[in-house]
1. Using only the Cα atoms of region 106-265, construct the convex hull and provide its projected area averaged over every direction, in square nanometres to one decimal.
2. Counting only Cα atoms, I'd like the Rg/Rh figure for region 281-363, Kirkwood definition for Rh.
3. What share of Cα pairs, in percent, lie more than 22 angstrom apart in region 55-168?
4. Quick one: Debye curve from the alpha-carbon atoms of region 183-248 only, equal weights, vacuum; give me log10 I(q)/I(0) at q = 0.13, 0.24, 0.27 Å⁻¹ to two decimals.
5. Short version: what are the Cα gyration tensor semi-axes of region 216-276, square root of 5 times each eigenvalue, largest first, in whole Å?
6. Using the Cα atoms as the points, what is the convex hull volume per residue of region 245-328 in Å³?
7. Which whole-angstrom value gives the distance between the alpha carbon centres of region 254-312 and region 73-106?
8. Extent of region 53-109 along each principal axis, from alpha carbon coordinates, in Å, largest to smallest?
């Protein structure tokens with residue numbers, strides 16, 4: 001807990017910023033108190049994980065797949081791929097991708113919402129920052145770059161219904177700066193919807209600064225990216241296994257609550273090969289490869305030696321279909337999740353739209 005005591009100076013400032021936001025959307029929580037921000041409540045809410053899928057009931061192949069209803073359905077759309085948004089999709093909110101921050105800390109590549117003017121729901125500008133050094137740079141309190149970025153974000157959002165921040169590499173030491181950054185945006189956005197995309201987890205970690213309890217009062221929604229449980233550099237496995245997703249949702253519902261939570265679902269899959277040959281080699285390693293693969297012929301191209309050889313490759317693939325998506329949505333709904341979001345439109349099986357309804361939910 002000692003790491004959070006360094007946050008006390010920031011905590012004196014955040015309530016003042018929140019208090020100035022008189023026209024912001026109504027928040028369910030009281031303004032943050034100093035001790036609440038310094039010691040996020042989620043630290044005391046560690047949920048015991050379930051390690052198997054045995055507690056999840058799977059439909060039999062002969063059964064009809066369940067149809068799930070949600071009060072909000074978010075679909076993420078890439079600029080330039082507007083054709084992936086089609087009429088009749090049960091979607092309430094579009095997260096419009098393309099905006100990012102360049103090396104100088106400037107907001108660039110803002111998509112034009114008029115390109116999807118046919119959509120009747122809410123459209124949110126999604127802004128990404130994916131590098132640790134860049135994120136640290138734009139979060140520096142008092143810097144010209146941070147001040148101008150906040151002003152540019154507020155100005156760009158005037159043409160949208162809301163803003164979503166997707167900063168996926170916030171260094172641990174920048175936690176206080178990240179909170180104050182969000183608080184300034186909340187104050188400046190006034191009645192615009194303010195949301196954030198955060199990595200999924202099942203317990204508190206110390207790798208990055210994403211404390212759900214501290215962030216929750218500053219935003220209207222938190223979308224948890226409940227995918228990439230296994231990624232390109234990991235061992236093969238599901239992008240989002242059922243047991244892991246259940247643990248993520250269980251933790252999130254207790255720390256964030258159902259009113260602000262959006263559970264993200266993947267539309268994509270991944271493949272892993274047991275052999276990777278695209279790399280650099282020293283001379284001795286290349287000679288070893290020649291010997292192990294019985295390479296007899298070495299040619300020269302403009303004086304440079306080169307040779308070819310073949311190796312068998314075994315590929316493992318995990319992906320999402322209508323069955324896995326239906327089971328996961330049904331599981332979330334049975335747990336009390338009211339909103340889901342999909343990464344991303346254009347990657348899905350079209351059958352998923354027959355398994356999903358958008359309708360007001362009664363508690």
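Computed from the coordinates by the stated procedures, all read-outs in this text should not be read as laboratory data. This is a predicted model, so every value here is computed, not measured.
1. Directional mean of the projected Cα hull area for region 106-265 stands at 10.4 nm².
2. Radius of gyration over Kirkwood radius for region 281-363 works out to 1.41.
3. 46 percent
4. Computed log10 I(q)/I(0) values: -0.47, -1.07, -1.21.
5. Semi-axes from the Cα gyration tensor: 28, 11, 9 Å.
6. Convex hull volume per residue, Cα atoms: 204 Å³.
7. 31 Å
8. So the three principal-axis extents are 55, 32, 21 Å.
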